[in-house]
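Novice: So that we are looking at the same thing, I have put the structure below in structure tokens.
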Amino acid sequence: MTLEHLILLLYVFALAIFAGYQVISKVPQLLPTPLMAFTNAISGISLVASLVVAGEGRSTLATILGTVAVASAT
């Protein structure tokens with residue numbers, strides 16, 4: 001993995017954190033049901049993505065990080 005690739009992945013990760021925080025913070029406190037449905041959908045998407053990363057087998061580090069992501073998402 002090159003340094004440029006690692007920087008790109010960190011950039012995407014930072015943008016995902018920022019976008020997720022902005023989306024969740026915009027939901028009014030009076031609407032718990034849509035918020036729960038939305039967070040459950042995000043959790044499902046992140047679980048599927050982490051399963052793909054863990055199962056790809058590109059490198060040991062990717063498999064370990066994917067496994068940690070699966071554990072965190074569940």
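The values are calculated or read from the model by the stated rules, or taken from the named source; none is laboratory data. Nothing here was measured: the structure is a model prediction, and the numbers come from that model. The protein model used for the area step is the full one, side chains on, heavy atoms only, and it has no ligands, DNA or RNA in it. Shrake-Rupley method; radii C 1.70, N 1.55, O 1.52, S 1.80 Å.
Novice: Which helices of the chain meet both criteria: a Cα extent of 20 Å or more along the helical axis and a mean Kyte-Doolittle score no lower than -0.5, with helices taken as whole DSSP H segments?
Specialist: Helices meeting the span and hydropathy rule in the chain are 3-25, 32-56.
Novice: Can I ask one more? If you roll a 1.4 Å probe over the heavy atoms of the protein chains, what accessible area per residue do you get for the chain, in Å²?
Specialist: 81 Å²
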